[in-house]
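One structure below.
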Amino acid sequence: MIAVPGRRREDAVIPEAFAYHRPTSVQEAVGLLAKLGEESRPLAGGHSIIPMMKLRLASPAHLVDLAGIVALKGIRTDGNDIVIGAMTTQHELAGSDLLTTKIPLLRETSLQVADPQVRYVGTLGGNVANGDPGNDMPAVMMCLGASYHVAGKAGERRIAARDFYQAAYFTALEPGDLLTAVRIPTPAAGHGYAYEKLKRKIGDYATAAAAVVLTMSGGKVASCSIGLTNVGETPLWADEAAKILVGSALDAATVKKAVAAAEAITAPASDARGPAQYRTKMAGVMLTRALARARSRAR
Ligand SMILES: Cc1cc2nc3c(=O)[nH]c(=O)nc-3n(C[C@H](O)[C@H](O)[C@H](O)COP(=O)(O)OP(=O)(O)OC[C@H]3O[C@@H](n4cnc5c(N)ncnc54)[C@H](O)[C@@H]3O)c2cc1C
């Protein structure tokens with residue numbers, strides 16, 4: 001360790017200094033976030049924000065740890081919806097019998113997030129609130145028509161996942177807001193689903209990924225929804241592509257047309273995962289595979 005003059009060894013941390021708060025209720029957390037303002041950030045699993053703080057890309061003066069708030073945990077049904085507490089981990093999503101039966105797409109996606117170590121602590125709330133287009137859950141939530149429960153200074157409100165993402169790391173959350181739960185309408189019985197993700201290695205973010213949920217009737221697509229991950233500043237809901245498929249038998253010509261429509265809304269960055277044009281094409285390949293697999297699973 002390098003000795004820094006005037007600094008004790010135990011004070012030498014990589015991030016900027018910050019104050020740590022550990023509320024035990026949603027009300028207390030919202031009160032703290034409202035009082036501390038823009039200088040404060042919720043801390044969930046810490047697997048996105050702590051690396052950002054270590055790189056000093058984020059330097060919140062206050063971290064409000066949500067780990068002590070029991071009400072933010074758990075998976076329950078509410079009428080036709082399934083409601084998942086924000087602090088539910090990706091590991092818990094993958095292990096839920098209820099989700100495996102009712103929304104198997106969530107188990108399939110959870111198992112493609114990072115690696116088991118990250119999934120043990122990384123939370124659904126942190127994944128969808130983070131605003132990183134590389135996170136896997138946001139496009140899946142758009143695909144499923146999910147909405148987010150948000151508690152803030154002005155009380156509680158719900159925001160559709162399809163309206164939530166504004167730009168990279170910019171969401172509809174206001175300073176002081178806490179995302180408390182994710183509400184998902186249970187897809188129709190017998191629906192087909194798939195999450196296809198191209199990554200360079202286990203534990204990597206997507207080069208491109210596609211989520212599909214569809215229903216079939218009489219050999220034709222009755223309904224279809226498509227989400228795309230990491231091929232734009234935000235996760236994408238490929239509504240036009242899905243509309244092209246409805247009423248078709250998923251024949252090659254129609255799939256090609258829909259894939260072209262999906263590719264047209266992408267605008268990925270050229271980065272270590274490949275040039276933009278390649279990533280757009282990979283989004284098309286992932287979508288083609290996801291459609292075929294969803295079709296094979298639909299009853
Ligand atoms: C090595 C590695 C590989 C990874 N690979 C992937 C991957 O392939 N796919 C993927 O999707 N993710 C990946 N991740 C990210 C991981 O899934 C994170 O855990 C997740 O994105 C954030 O969840 P968290 O609970 O750790 O949130 P945190 O890091 O605690 O928080 C993330 C952000 O969301 C805010 N926040 C958290 N909870 C709330 C809330 N309830 N309300 C409002 N704001 C909130 C925080 O203030 C912060 O800004 C990877 C992470 C690592 C370290």
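We did not get these values from a lab; they are worked out from the coordinates using the rules stated. These numbers were taken from a predicted model, which means no experiment stands behind them. Cβ coordinates were reconstructed from backbone atoms using ideal geometry, including for glycine residues, and neighbour counts include every protein chain displayed.
The eigenvalues of the Cα gyration tensor, multiplied by 5 and square-rooted, give the chain an equivalent ellipsoid with semi-axes of 36, 22, 16 Å from largest to smallest. Scaling the Cα radius of gyration of the stretch 1-141 by the globular reference 2.2 N^0.38 Å produces a ratio of 1.20.
Seen from every direction in turn and averaged, the convex hull around the alpha carbons of the stretch 154-202 projects onto 6.2 nm². The slack between LEU98 and ALA264, meaning 0.36 nm per residue of separation minus the straight C-alpha distance, is 56.2 nm. In a GNM of the chain with a 10 Å cut-off on Cα contacts, which of GLU16, GLU263, GLU196 has the highest mean-square fluctuation? Taking springs between Cα atoms under 10 Å, the residue moving most is GLU16.
Look at the alpha carbon pairs under 8 Å that are at least 6 residues apart: their mean separation over the length of the chain gives a relative contact order of 15 percent. If the segment from SER223 to ASP204 were pulled out straight at 0.36 nm per residue, it would be longer than the present Cα-Cα gap by 3.7 nm.
Measuring between alpha carbons in the structure, the pairs from LYS35/LYS153; LYS199/LYS281; LYS197/LYS281; LYS257/LYS281; LYS220/LYS243; LYS54/LYS199 lying more than 18 angstrom apart are LYS54/LYS199. If the segment from SER59 to ARG289 were pulled out straight at 0.36 nm per residue, it would be longer than the present Cα-Cα gap by 78.7 nm. Rounded to the nearest 20 debye, the dipole magnitude of the stretch 142-299 is 620 debye, with +1 charges on Lys and Arg beta carbons, -1 on Asp and Glu beta carbons, and the Cα centre as origin.
Build a GNM of the chain with springs between Cα atoms under 10 Å apart, and of ALA253, ALA181, ALA222 the one that fluctuates most is ALA253. Computed on the stretch 204-292, with alpha-carbon pairs under 8 angstrom and 6+ residues apart, the relative contact order is 31 percent. With a Förster radius of 35 Å applied to the C-beta separation of ALA188 and ARG157, the computed FRET efficiency comes to 0.80. Result for the chain in a Gaussian network model with C-alpha springs under 10 Å: among VAL30, VAL231, VAL70, the largest mean-square fluctuation is at VAL70.
Please tell me the relative contact order of the stretch 153-260 in percent, rounded to the nearest whole number, where contacts are Cα pairs under 8 Å and at least six residues apart. Answer for the stretch 153-260 is 17 percent. Spin-label pair ASP271-ALA253: with each label point 7 Å from Cα along the Cα-Cβ axis, the two points sit 3.9 nm from one another. I'd like the orientation of helix 252-264 relative to the chain: the angle between its Cα long axis and the longest Cα principal axis, in ° from 0 to 90, rounded to 10. On a 0 to 90 degree scale, this one is about 30.
For the peptides 152-162, 33-43, the ranking by packing is 33-43, 152-162, with the highest mean count of neighbouring Cβ atoms within 10 Å listed first.
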